[in-house]
Amino acid sequence: MKILVIGGGGREHALAWKLAQSARVKRVYLAPGNAGTALDSRFENVNVTGVEELGAWALANKIALTVVGPEGPLAAGVVDEFRKHGLRVFGPSRAAAQLESSKAFSKAFMQRHGIPTADYETFTEAAAAHAYLDRKGSPIVVKADGLAAGKGVVVAMTLEEAHQAVDFMLGGLQQPGQTGVQVPRVVIEEFLAGEEASFIVLCDGRNVLPLATSQDHKRLLNDDQGPNTGGMGAYSPAAVVTPDVHARAMREIILPTIRGMEKDGIAYTGFLYAGLMIDASGRPKTLEFNCRLGDPETQPILMRLKTDLVEVLLAATEPGLHGRLDDLELQWDRRTALGVVMAAQNYPMQPRQGDLITGLPEEAEDAVVFHAGTALKDGQPVTAGGRVLCVTVLADNVRQAQQRAYEVASAIHFDGKQYRTDIGHRAARS
Ligand code: AMP
Ligand code: GLY
């Protein structure tokens, strides 16, 4: 069968890599893909964008199954469009994708269904937001409502930062070195202390199948310093998600969410990613929902997945009231997987593009370099985005995985390359 992966980042490269391993697959197409997928004979990049165009292309090319990587097309209704044509697609409808695309929707949803999350209020008026901040004090968190590509969250340790964030988001104030985000609403929420983990599951509208646990590193620099990014590295499994935390996350967060969506008449299908904050007593709270796989979490998670992902997604999208994910169990490699993101100069602000990438290794059983922001220039891979590559490895423990990943990363070169040298540090310490 022919499969389409929508997107062109590291997450989509890893999805395509995993799907292509299935004996049932003839060809994996990526729209638009990247240099890594262009250079690999298992894949074919197609230059199609826009929800309607993608649907028409999939129909004309007899695509048996489509998997959507990023939130953009999901929030734009790509799943609704594909279903309208009777095409099989794995992802949430536009209405269900609001769990990610609208913070106000997801916070109200969690409150309505008793799902643990930080206390919050929503504001459209700057004056009311400022008054609320003064009442609550710091630390406090200010979030833009809407997709703001990681730039929409300010964890303010001082009230001054919090007031600035409100002016910036509601007033569209430009700050030096920052691209302005202006949004109609902000969410102001309680600061949660603890350790974060990414908890990602597959849903077929009713049944839920958890993926292996993982932890992302959102800050640019070692020791979690510097600005927030889309993610500088990840590993799986995440030790902080003990069996007890796992059971609580399923019972208190994931299952009530799926039931709640079903009850609200918006059955949830697709990957659901709960960003968890786990406090010292092991109690998980929901920081946010994403309606998709995490990037870079997907790269290490899929390297550990032994089960045929095509079979899983076919079960999840079986026509009918809901799928049959309840029939399945996922098998995982017992080793640790660890992914190190190599980013372009100036990421996350205005990453420089067009630098030649050399020293890419052959794919190995225990080491794959997934491409993200790359393009081809005269047949050679060059940088074309902020996060350029994700070096992903398997090893017996976190320390060995770090060693292997950094061995591979240090042999790859492009001008201005930057990467953290402490991915997995929380697990390596213990
Ligand atoms: P988000 O985009 O909502 O995941 O937020 C980005 C990052 O900001 C998260 O990964 C956390 O590190 C941090 N963050 C968000 N909300 C809170 C909160 N209520 N308390 C503490 N940190 C938070
Ligand atoms: N790595 C965080 C995300 O995908 O949202």
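Here are the numbers for this structure:
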| quantity | calculated |
| --- | --- |
| Conditions (1) modelled with pLDDT of 85 or more; (2) under 23 Å from the mean Cα position of the chain (by Cα); (3) under 26 Å from A131 (Cα atoms); number of the one not met by L170 | (2) |
| Criterion violated by R335 - all others in (1) touching a Leu at 6+ places or on another chain (Cβ under 6 Å); (2) within 16 Å of ligand 2 (Cβ to nearest atom) satisfied | (2) |
| Members of the stretch 288-300 that are surrounded by 20 or more Cβ atoms within 10 Å (Cβ to Cβ) and within 11 Å of ligand 2 (Cβ to nearest atom) | F289, N290, C291, R292, L293, G294, D295, P296, E297, T298, Q299 |
| Qualifying residue in the stretch 40-51 (condition: assigned to a helix (DSSP H, G or I) and modelled with pLDDT of 95 or more) | yes |
| Filter result (crowded, with 17+ Cβ neighbours inside 10 Å and among the aromatic types (F, W, Y)) within the stretch 331-356 | Y347 |
| Which numbered condition V368 misses (of (1) in contact (Cβ under 8 Å) with a residue 40 or more places away in the chain; (2) assigned to a loop (DSSP other than H, G, I, E, B); (3) buried (at least 18 other Cβ atoms within 10 Å of the Cβ)) | (2) |
| Within the stretch 61-101, helices (runs of 4 or more DSSP H) holding 3 or more residues that are more than 15 Å from G50 (Cβ to Cβ) | 98-101 |
| Odd one out for Y273, checked against (1) more than 26 Å from A344 (Cβ to Cβ); (2) within 11 Å of ligand 1 (Cβ to nearest atom) | (1) |
| Residue that is surrounded by the fewest Cβ atoms within 10 Å (Cβ to Cβ), among those in the stretch 105-122 that are within 13 Å of ligand 1 (Cβ to nearest atom) and small (G, A, S) | A118 |
| Scan of the stretch 312-330 for residues that are touching a helix residue (DSSP H, G or I) at 6+ places or on another chain (Cβ under 7 Å), surrounded by 17 or more Cβ atoms within 10 Å (Cβ to Cβ) and not aliphatic (A, V, I, L, M), ordered by number | G323 |
| Subset of the stretch 374-392 [touching a strand residue (DSSP E or B) at 6+ places or on another chain (Cβ under 7 Å) and free of Cβ contacts under 8 Å to residues at least 60 places away in the same chain] | Q380, T383, V388, V391 |
| Residue within the stretch 206-229 that is in contact with a Leu (Cβ under 8 Å, 6 or more places away or on another chain), within 30 Å of D327 (Cα to Cα), part of a loop (DSSP other than H, G, I, E, B) and within 14 Å of ligand 2 (Cβ to nearest atom) present | yes |
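The values are calculated or read from the model by the stated rules, or taken from the named source; none is laboratory data. Predicted, not measured: the structure shown is a model, and the values here were computed from it. Backbone-built Cβ (ideal geometry, glycine too); neighbour counts: all protein chains shown.
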